[in-house]
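Visitor: Quick one: the structure is below, and I'll ask about it shortly.
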Amino acid sequence: MVRAALLALLMLAGLAAPAQAALNLCNRTSYVLYAATAAVDGQVSDARGWTRIAPGECQVARGEPLTARSYLVYARTSLAHSGPSRAWGGTVATCVRDGNFALRRKVGAYCTDDDLFALPFASLDTAGKRNWTMNFDDKPPQPSLMAAQLAGVKRLLADNGFRVGNIDAKPNAQTGAALTTFRKGARLPPQAGNAELFNALEARARGTSAPAGYTVCNDTRQLLLVALGRTEGNKASSHGWWKIEGGACARVITAPLATQAVWLLAQSKEGETVAGGADMFCVAAAAFDINDRSNCAKRGLTEAGFARTDTRGLSGFIARIGEGGLKPPSKDPPRQASMSK
């Protein structure tokens, strides 16, 4: 009974099936994904992104016949999702940018433009076929696109503050009630289908949680250990370490920001500084929450240089760390195309 009611609310008749085009990407995860692809032919890489793929949906990423020598793919979760982000990729560094992009570049060229950064793409084996469909899967994998859609609705409802139980494909009364409440609150018309529902769920979660707080995106190919420094009046504090996988993002402060600056330190797992600066805070080898930044050595702590990021009273901020350190903030608000642990 609960399952039937929930399926009716979801209008699963609109479930997307793989299209008959060149490269289709299907999302069998419970996350909203943003994907990028690259076609490599000779010494030229043609990279394109970002393709938004809702749970249980398939989208055409490349409409041309697959005739290039090789193809690469990368995907990461929407910043609307709470908790650590996730990424699907590999080891081939490829230049991308936030927002929609199409980049033709020489293979192996450095991402030197201020708005470019490299992400680790995976090689895609298309078996020499001109048309190909690939799935992004959860761990453990969802058994079908329909199951991914059901789990995806639960995850986004949870991101919006509803209690839905486990994030899985099993309908329950909590999820049905939450979905009904959300649809009414979002003023979705009765005929609104899955696309409208997922758009509304993601937009509401993004507007209430993702823009708020402080997010760190690791655009390198290595694991980074991240620490933050904060000040309030004459008081200073430092906190760490967050582990952020290569190509992933993590929202390390979830509450809206209300300060002019946050300080950032990122180190490799070997202890080498990847992003830092001239402003000193105390740190420790293990996880730490330290008040005051004076007399670090006398307190058995280490002093380290943090980089200042100007939040200028914004409620939310995204710091990007590349192979060359902390990247300049984007001139335009980033599109939701970012990922992890």
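What follows draws every value from the coordinates through simple rules; no lab data is involved. The shown structure was predicted, so the numbers you read here are calculated from the model rather than taken from an experiment. A quick note on method: Cβ atoms are made from the backbone with ideal geometry, for glycine too, and the neighbour counts reach across all protein chains shown.
Visitor: Whole angstrom only: what separates the Cα centroid of the range 290-304 from the Cα centroid of the range 20-43?
Guide: The range 290-304 and the range 20-43 have Cα centres separated by 47 Å.
Visitor: Say the dipole of the range 1-209 comes from +1 at the beta carbon of Lys and Arg and -1 at that of Asp and Glu; which of ASN100, PRO120, LEU33 then lies farthest toward its positive end?
Guide: LEU33
Visitor: According to a simple spin-label model (label point 7 Å from Cα along Cα-to-Cβ), what is the distance in nm between ALA177 and GLU303?
Guide: With each label placed 7 Å out from Cα toward Cβ, I get 5.7 nm.
Visitor: Using a Cα-Cα cut-off of under 30 Å, which lysines could be cross-linked to LYS298, ignoring same-chain neighbours fewer than 8 residues away?
Guide: LYS235, LYS243, LYS269
Visitor: Moving on to the next point. What's the lysine pair count for the range 1-209 at a Cα cut-off below 17 Å, pairs eight or more apart or interchain?
Guide: 4
Visitor: Let me spell out the model: positive unit charges on the Cβ of Lys and Arg, negative unit charges on the Cβ of Asp and Glu, origin at the Cα centre of the chain. What dipole size does that give, in debye rounded to 20?
Guide: That gives a dipole near 640 debye.
Visitor: Arranged from highest to lowest average of other beta-carbon atoms within 10 Å per residue, in what order do the peptides 64-72, 171-179 appear?
Guide: Sorting 64-72, 171-179 by mean packing, highest first, produces 171-179, 64-72.
Visitor: Quick check: the distance between the Cα centres of the range 158-191 and the range 221-266, to the nearest angstrom?
Guide: 32 Å
Visitor: Show me the ranking of peptides 35-45, 238-248 by mean Cβ neighbours inside 10 Å, starting with the highest.
Guide: The peptides rank, most packed first, as 238-248, 35-45.
Visitor: Considering the convex hull of the alpha carbon atoms of the chain, report its projected area averaged over all viewing directions, in nm², one decimal.
Guide: 18.7 nm²
Visitor: State log₁₀ I(q)/I(0) for the range 213-326 at q = 0.09, 0.12 Å⁻¹ as given by the Debye formula over alpha-carbon point scatterers of equal weight, solvent excluded.
Guide: Rounded to two decimals, the profile gives -0.21, -0.37.
Visitor: Another one. For n ≥ 4 DSSP H runs only, could you compute -39500 (n - 2.57) per run for the chain, divide by its residues and tell me the 222 nm figure to the nearest 500?
Guide: -5000 deg cm²/dmol
Visitor: Let me ask something additional. Please work out how much length the chain gains when fully extended from GLU196 to VAL44, using 0.36 nm per residue of separation minus the C-alpha to C-alpha distance, in nm with one decimal.
Guide: Length difference between fully extended and current span is 50.9 nm.
Visitor: Would you work out which of PHE198, VAL60, LEU225 lies farthest towards the positive end of the dipole of the chain, given +1 charges on the beta-carbon of Lys and Arg and -1 on that of Asp and Glu, about the Cα centre?
Guide: Of the candidates, PHE198 comes out farthest on the positive side.
Visitor: If you place +1 on the Cβ of every Lys and Arg and -1 on the Cβ of every Asp and Glu, how big does the dipole about the Cα centre of the range 50-152 come out, in debye to the nearest 20?
Guide: Dipole of the range 50-152, to the nearest 20 debye: 320 debye.
Visitor: How do the peptides 117-126, 145-154, 285-294 rank, highest first, by the average count of neighbouring beta carbon atoms within 10 Å per residue?
Guide: Top to bottom by mean Cβ count within 10 Å: 145-154, 117-126, 285-294.
Visitor: Next question. May I have the convex hull volume per residue, in Å³, for the Cα set of the range 37-110?
Guide: Hull volume normalised by residue count: 112 Å³.
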